[in-house]
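The values are calculated or read from the model by the stated rules, or taken from the named source; none is laboratory data. None of these values were measured; they are calculated from a predicted model. Neighbour counts are summed over all protein chains in view; Cβ atoms, including those assigned to glycine, are modelled from backbone coordinates with ideal geometry. Only protein heavy atoms, including side chains, enter the accessible area calculation; ligands, DNA and RNA are left aside. Shrake-Rupley method; radii C 1.70, N 1.55, O 1.52, S 1.80 Å.
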Amino acid sequence: MKSKIVVLSGAGISQESGINTFRDSDGLWENHRVEDVATPEGFMANPELVFNFYNERRRKAKEAKPNKAHLFFAELEKDFDVEIITQNVDDLHERAGSSKVVHLHGELNKARSSKDPKIVFPIDGDMKWGDKAPNGDSARPHIVWFGEAVPELEKAIDITKKADVFIVIGTSMQVYPAASLVDFLKPTAKLFVIDPNDIHLYSQVNFIHIKKKATQGVEELRALLSKD
């Protein structure tokens, strides 16, 4: 039986493909207040702004290409049972070839009913006010906004519990509930964190810190995994 590797990826891995991180140091996302474009209240106040904002994010994500880190995790499937849990809303993991990806915060290439979060459907191109879900409800971006529940969290916890190796890459582990996943690791699981910045886990688990950017860190990780 193949060892199970679970990857928790964040904005840092996509940043190296040219996709800006969710929130800059000034608290803005692509020059917009997060409250205006990433909350239910912002959508209710100005749906046209929100649709245009995610249309632009979708276009930029489509132009981006998977980088060495994305490709590395897809390649690992040859030797390991690999599942990706990502905080990112782009599809770069899928385009790199990863076959099992869970999106905690939604997906740019999908929309959902404004009334029933379980009605999710693929989209191609721009969205606009007046678009409908398959059941006739008004449609909205399939993005988990601030203040909303994370529908895939229980699934992510179940995946995490089975990990023999858990790899955190491109996330500071300050965003909850994703940061709490390490609390569900079994005692024998190995934990690797790839991030150029200092990392402080609130959990008391031990981890190996590869203090590099994603595309550089995966090369060091490759060597460490080959020793096992």
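So, of the residues in the stretch 104-129 that are of a type in the set (S, T, N, Q) and more than 17 Å from the chain's Cα centre (by Cα), which turns out to be surrounded by the fewest Cβ atoms within 10 Å (Cβ to Cβ)? Write out each step before concluding.
The first filter runs over the stretch 104-129 and keeps only residues of a type in the set (S, T, N, Q), leaving 109, 113-114.
Checking which are more than 17 Å from the chain's Cα centre (by Cα) leaves us with 113-114.
Numbers: 113: 20, 114: 17.
By that ranking, first place goes to 114.
Within the stretch 159-174, which residues are surrounded by fewer than 16 Cβ atoms within 10 Å (Cβ to Cβ) and either of a type in the set (Val, Ile, Thr) or assigned to a helix (DSSP H, G or I) (or both)?
Of all residues in the stretch 159-174, those surrounded by fewer than 16 Cβ atoms within 10 Å (Cβ to Cβ) come to 161-162, 174.
Residue satisfying the conditions is 161 alone.
Which count do you get for residues in the stretch 175-205 that are aromatic (Phe, Trp, Tyr), surrounded by 15 or more Cβ atoms within 10 Å (Cβ to Cβ) and under 18 Å from the mean Cα position of the chain (by Cα)?
Taking the stretch 175-205 first, the residues aromatic (Phe, Trp, Tyr) are 176, 184, 192, 202.
The next check asks that each one be surrounded by 15 or more Cβ atoms within 10 Å (Cβ to Cβ); those that pass are 184, 192.
Remaining after also requiring under 18 Å from the mean Cα position of the chain (by Cα): 192.
The number of residues fulfilling the criteria is 1.
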Let me spell it out: the conditions are (1) open to solvent by less than 20 Å² (accessible area, probe 1.4 Å); (2) within 17 Å of residue 16 (Cα to Cα), and residue 60 meets all of them except one. Which number is the exception? (1)
If you take the residues in the stretch 130-158 that are touching a helix residue (DSSP H, G or I) at 6+ places or on another chain (Cβ under 9 Å), assigned to a helix (DSSP H, G or I) and in contact (Cβ under 8 Å) with a residue 24 or more places away in the chain, which one is surrounded by the fewest Cβ atoms within 10 Å (Cβ to Cβ)? 157
Failed item in (1) touching a Lys or Arg at 6+ places or on another chain (Cβ under 9 Å); (2) surrounded by 12 or more Cβ atoms within 10 Å (Cβ to Cβ), with residue 209 passing the rest: (1)
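Are any residues in the stretch 36-51 farther than 14 Å from residue 145 by Cα and either crowded, with 16+ Cβ neighbours inside 10 Å or in contact (Cβ under 8 Å) with a residue 24 or more places away in the chain (or both), and if so, which ones?
So in the stretch 36-51, the residues farther than 14 Å from residue 145 by Cα come out as 45-46, 48-49.
Matches in the stretch 36-51: 48 only.
Can you name the helices (runs of 4 or more DSSP H) wholly within the stretch 1-112 that have at least 3 residues being within 30 Å of residue 222 (Cα to Cα)? Explain how you work it out, then say what you get.
Details: elements: 11-15, 34-37, 40-45, 47-63, 68-75, 92-96.
Hits in the stretch 1-112: 11-15, 47-63, 68-75, 92-96.
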Hey, residue 220 hits all of (1) open to solvent by 30 Å² or more (accessible area, probe 1.4 Å); (2) more than 23 Å from residue 15 (Cα to Cα) but one; which does it fall short on? (2)
